[in-house]
Amino acid sequence: MPIFISYSHYDSDFVDKLAMQLVQRKMYVWLDRWELQVGDSLLTRIEAAITTASALLVILSVSSVDSPWCRAEINAGLMRELKERKIVVLPILIEDCDVPIFLQDKIHADFRADFDAGLRTVMEATAGVTNAAMSRTEGGQYYTDWSLDWGEVDERVMLRVTFVQQAAEAPYTILSTIVIIGNDEASKVYGELVRDKGEEQAHISVLDFISGKLKHATDTRIRLSDQFERGAEYMFSDGQSKYYVETTARRLGVDTGRDVLVAIDEHLVNAVNYMKEVVRQPGE
């Protein structure tokens, strides 16, 4: 999902510089002057962008705090915070001004004296909602941390997703991995996707295909009864593209004497869904 920038057009020079810095760091930025075209419904497009944005960067200046448009965008972002119970609005202070009362208790990214220092603050604040390759999935009494890494094995594409599952009341954790290696044709298709649509979309395409296959495969749940690693191997085809898939899981911590069933296929589905949300653009 994009990073939405709320600002006064009097601050366009600063906003252009900030937006370009974010784009260079592979963030998708929603900026009205970049996105809106002649004939677009201003209210509809901006509402959709704010609703689907990962974060709302609010540029605070003398001009913006007096702008009805900016105040409306801030209010929309704050309403999302209340509804979703997560941080959405990130204030960016570029000059001394009367900060709106509902933003006064928030930590600001301060650009007044040092642009680079302010940019580092923004990058740290947005990392958790813009990195499509790692996150945490929470459900019931469990949470699962995961991350994706990728590379090549014998010049063939390799994707590896690592999961660490923890229950609040359990004295152990579960470490699981899914390793995917494509054949020559799969690697060629992957390379074309990276070139045409970008690395993140290429990852999603491969992982979405594998998660769909795992969902319909037999014996994808891994039963753990002791400390030893267990798993399964698969071969999935998509035309001439073939993928070798290895799933593994092991338990770390205290032995409770009870078996644990690891739904590694569900872990992958949750990771792919998160990745799709991060890279999703308004209107999709």
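Quick notes on this structure:
- Residue list for the stretch 219-240, restricted to those being under 20 Å from T173 (Cβ atoms) and assigned to a strand (DSSP E or B): I222, R223, L224, R230, G231
- Restricting the stretch 170-203 to residues that are among the hydroxyl-bearing types (S, T, Y) and in contact (Cβ under 8 Å) with a residue 60 or more places away in the chain, the residue that is nearest to A263 (Cα to Cα) is S176.
For (1) assigned by TED's automatic domain parsing to the domain that holds H9; (2) hydroxyl-bearing (S, T, Y); (3) at pLDDT 95 or above; (4) over 21 Å from N273 (Cβ atoms), each residue gets a yes or a no:
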| site | (1), (2), (3), (4) |
| --- | --- |
| T121 | yes, yes, no, yes |
| T126 | yes, yes, no, no |
| G139 | no, no, no, no |
| S147 | no, yes, yes, no |
| Q166 | no, no, no, no |
| I180 | no, no, yes, no |
| S187 | no, yes, yes, yes |
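- The single condition among (1) out of contact with any helix residue (DSSP H, G or I) (no Cβ under 7 Å at 6 or more places or on another chain); (2) in a strand (DSSP E or B); (3) not charged (D, E, K, R) that V58 does not satisfy is (1).
- Under the condition of being among the acidic types (D, E) and touching a residue at least 60 places away in the same chain (Cβ under 8 Å), the residues counted in the stretch 55-77 number 1.
- Residues of the stretch 105-123 classified as touching a strand residue (DSSP E or B) at 6+ places or on another chain (Cβ under 9 Å) and either of a type in the set (G, A, S) or not in a strand (DSSP E or B) (or both), total: 12
- Of all residue pairs spaced 6 or more apart or on separate chains, those with beta-carbon atoms under 7 Å, a first member in the stretch 97-119 that is in the same structural domain as I74 (by TED's automatic domain parsing) and a second member that is among the polar types (S, T, N, Q) are C97/S61; A109/T121; L119/Q21.
- Residues that are out of contact with any Phe, Trp or Tyr (no Cβ under 8 Å at 6 or more places or on another chain), under 21 Å from M27 (Cβ atoms) and modelled with pLDDT of 80 or more within the stretch 81-99 comprise V89, L90, P91, listed in sequence order.
- One residue alone among V89, V129, V99, V122 is among the β-branched types (V, I, T) and under 28 Å from V179 (Cα atoms), and that residue is V129.
The values are calculated or read from the model by the stated rules, or taken from the named source; none is laboratory data. These numbers come from a predicted model, not from an experiment. Counting neighbours? That spans all protein chains shown, and the Cβs are built from the backbone with ideal geometry, glycine included.
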